[in-house]
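To start, the structure under review is shown below, and the notes come after it.
The values are calculated or read from the model by the stated rules, or taken from the named source; none is laboratory data. Keep in mind it's a predicted model, so treat the numbers as computed, not measured. Cβ placement follows ideal geometry from the backbone for every residue including glycine, while neighbour counts extend to all protein chains displayed.
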């Protein structure tokens with residue numbers, strides 16, 4: 001469960017000072033400043049994954065500086081990787097500087113001085129942050145220094161997969177049991193390591209198990225983006241990722257489901273969501289099945305009934321107000 005703190009519980013005149021104290025005592029010592037402290041609003045939450053933590057912030061623009069003296073006073077000795085969900089911010093650290101916007105990622109080191117500034121008047125900033133102890137990343141400090149305060153576009157390659165994972169973690173992490181969160185911690189570390197190694201062109205230096213986990217996540221993302229393609233088969237997936245079909249099946253051997261089962265489950269889940277959508281009530285069931293890659297209505301109807309115990313038409317009738325003529329179709 002996310003542990004949440006919010007300025008909404010504090011008198012308006014005290015909010016900025018209260019938020020500053022929370023950051024310095026619970027996260028790490030930092031000097032925060034704000035052009036309109038009397039109007040400041042902010043909310044922060046932390047999710048403990050075991051080896052790492054995730055946090056999410058929604059706050060009015062501010063500036064956060066961390067000096068050598070503050071580091072000596074308190075240092076969690078972490079790398080922190082942020083996905084900006086909304087707004088913009090600029091980061092300066094270790095002779096590097098970047099400005100990032102919504103959808104971008106950036107990395108900083110809590111053991112080095114830094115200056116993070118959000119443009120005043122730019123509206124609220126929202127970010128999801130992974131807080132990773134230095135020891136968990138299988139990359140050398142000298143290598144990671146090269147990606148500090150550097151914009152990492154979150155719309156391509158492993159960065160896009162990592163951004164999607166972080167978004168899902170923020171949206172659904174609270175629903176996970178403790179053992180599931182521990183597994184997600186491993187996935188998070190492997191994805192971060194693979195993403196940063198790709199930025200450094202150093203993927204071959206990663207341990208084999210990290211490369212394998214990153215490949216599995218890339219395959220999951222490929223399946224997700226191609227569910228509507230009826231030609232999405234193990235052979236096509238293997239060819240796209242330059243592995244044999246045998247290797248592909250071996251990768252999924254340790255997973256909870258096979259390649260076929262994952263494709264089928266995700267297609268059914270997408271169809272189920274469309275059937276429950278009132279905005280799609282006029283779209284024929286067979287068109288929804290075709291949209292998500294099913295070869296024909298008979299195959300889809302049989303698969304849907306096996307998964308959910310009722311036919312697609314019956315499910316839609318129970319989920320949305322379907323005209324009687326369509327219910328009998």
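State whether the residues of region 58-68 include one that is assigned to a helix (DSSP H, G or I), at pLDDT 95 or above and surrounded by fewer than 20 Cβ atoms within 10 Å (Cβ to Cβ).
yes
Go through region 275-329 and tell me which helices (runs of 4 or more DSSP H), entirely inside it, have 1 or more residues that are surrounded by 13 or more Cβ atoms within 10 Å (Cβ to Cβ), modelled with pLDDT under 90 and in contact with a strand residue (DSSP E or B) (Cβ under 8 Å, 6 or more places away or on another chain).
none
Would you call residue 228 surrounded by fewer than 14 Cβ atoms within 10 Å (Cβ to Cβ), in contact with a helix residue (DSSP H, G or I) (Cβ under 8 Å, 6 or more places away or on another chain) and within 24 Å of residue 158 (Cα to Cα)?
Spelling it out, residue 228 is indeed surrounded by fewer than 14 Cβ atoms within 10 Å (Cβ to Cβ), in contact with a helix residue (DSSP H, G or I) (Cβ under 8 Å, 6 or more places away or on another chain) and within 24 Å of residue 158 (Cα to Cα).
Name every residue in region 149-175 that is crowded, with 21+ Cβ neighbours inside 10 Å and within 18 Å of residue 96 (Cβ to Cβ), in order of residue number.
The answer is 149, 152, 159.
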